[in-house]
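Input: a single structure, listed below in C-alpha cells.
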Amino acid sequence: MLTIEHSLMWISLMITISFFAYKIKVIDKSGILTAIPIGYTILYFGEVSWFFILLLFFIIASVFTKYKYEEKLKLGVSQENHGARNWKSVLANGMPVASLAILYYLFDNSPMFMLSFVGSISFALSDTLATELGLLSKEKPRSILTGKEIEKGESGGITLRGEIAAIISSLAIGSICGIWLSKNEVSQIPIIIIAALVGGVLATNLDSFLGSTIQAKYRCVNCKKCLEMKVIHCNRFTIREKGTSFIDNNIVNFLGAIISALISASFVILYK
C-alpha cells in the first residue's frame, strides 16, 4: 500500500506525464481525467512495475498511432481527434488492467492475475500495432470471416503486416514482462512470454472477429463508404448497416482485453 507521501509523489508524476502527453496531442483532457485514477489504482493495488509496463504501452502505442498519421489521414483511416486518446479509449484499455490489479491484491498476489495482466497489456499493444501498421499495408485487408477484400479501416479486416506486427509486439511486451515480473525466477520468464504471445495474438484476431460480427457498422448513403459510427458524411447521416448499435470499437477492445486476460491466465498451470 502507498503512504500519503508516496501517493502525492506518484500523482504529481502522473499529472506531469499527462500534461506532457496532452501538449504533444497523444491524449485529450477527458483521457487525462480517466488515466490518472486508473494509473493510481494500478500503483495502489498492483505493483510499480505494472505501472511502468502500462506507461511503456502508452508510449509505444502513441508513437505508432502518430506514425505516418498524415498518410493515414489522406487515406481516410486515421484515428479521430488527431490520434489523441479520449476517455473511452483509455477506459477500454485501462479498466481491465486496473481491475486485475485489485484482484491481484485481494487474492494475495496470485500469479494467475499477474499473467492476466500480461495478457491484457499484450493484447492492447498487439491490437494497436496490428491496426496502425496494417492500415499502411499496400494490399487491402481481408475479412477474417470470408477472406474477401474489404475497405481499409473497416473493422474485421486482417493483413499480413498486421499479423506480423501483432506477433512481434506480443513477444516484445512479453519479454519485458518476463524480465520485470518473474521475481528473479529465470524458469518463469518463458511462461510469461508464451502467455503474452498466445493471449495477445489470439485476442487480437478475436477482436477482428467481434469487429466483423457484433460491432456496429454504418454506411454513407451517398458514397457508400463504411464507417464505425453514426456521423454526417456527404452532408447526410450514415445509416447502420449491421452490428449492434451500442457496441463500438472501444467496447470490442474492452472485450478483447478480457479475453486475452483469460487466455493468458490459463498458463498459471505451468507457473511455479
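Taking GluC sites (Glu not before Pro) across region 118-172, the ones in a DSSP loop with at most 16 further Cβ atoms lying within 10 angstrom of their Cβ are Glu139, Glu151.
Separation of region 1-71 from region 145-218 is 22 Å, based on Cα centroids. Does anyone have the angle between helix 48-66 and the longest principal axis of the chain? Alpha-carbon axes, 0 to 90°, nearest 10? Its long axis makes an angle of about 20 degrees.
Relative contact order of the chain, taken over Cα pairs closer than 8 Å and 6 or more residues apart, is 19 percent.
Helical content of the chain, expressed as a calculated mean residue ellipticity at 222 nm, amounts to -21500 deg cm²/dmol (DSSP H runs of 4 or more residues, -39,500 (n - 2.57) each, divided by residue number, nearest 500).
Treating the angle as unsigned and between 0 and 90°, give the value, to the nearest 10°, between the Cα long axis of helix 160-181 and the longest Cα principal axis of the chain. Roughly 10 degrees between the two axes.
Please give the contour-minus-distance gain from Thr146 to Asn222: 0.36 nm per residue of separation, less the Cα-Cα distance, rounded to one decimal in nm. Working shown, then result.
Numbers: separation 76, 0.36 × 76 = 27.36 nm, distance 2.56 nm.
Stretched fully, the Thr146-Asn222 segment lengthens by 24.8 nm.
Here region 4-270 is assigned +1 on the Cβ of each Lys and Arg and -1 on the Cβ of each Asp and Glu. Its dipole about the Cα centre then comes out at about 1140 debye. Across the chain, the longest run free of exposed loop sites, meaning chymotrypsin sites (Phe, Trp or Tyr not before Pro) lying outside DSSP classes H, G, I, E and B with no more than 11 other Cβ atoms within 10 Å, spans 108-245.
Computed from the Cβ-Cβ distance with R0 of 35 Å, the FRET efficiency linking Phe52 to Ile164 stands at 0.85.
Treating each Cα of region 4-270 as one equal point scatterer and applying the Debye formula with no solvent, the log10 of I(q)/I(0) at q = 0.07, 0.14, 0.17 Å⁻¹ comes out as -0.25, -0.96, -1.35.
Pairs Lys23/Lys140; Lys88/Lys138; Lys74/Lys225; Lys25/Lys68: which are spaced more than 25 Å apart, C-alpha to C-alpha? Pairs exceeding the cut-off: Lys23/Lys140; Lys88/Lys138.
Every number in this text was worked out from the coordinates using simple rules, so none of it is lab data. Computed from a prediction, not measured in an experiment: that's the story for all the values here. Quick reminder, even Gly has a Cβ in these numbers, built from the backbone with ideal geometry, and neighbours come from all protein chains shown.
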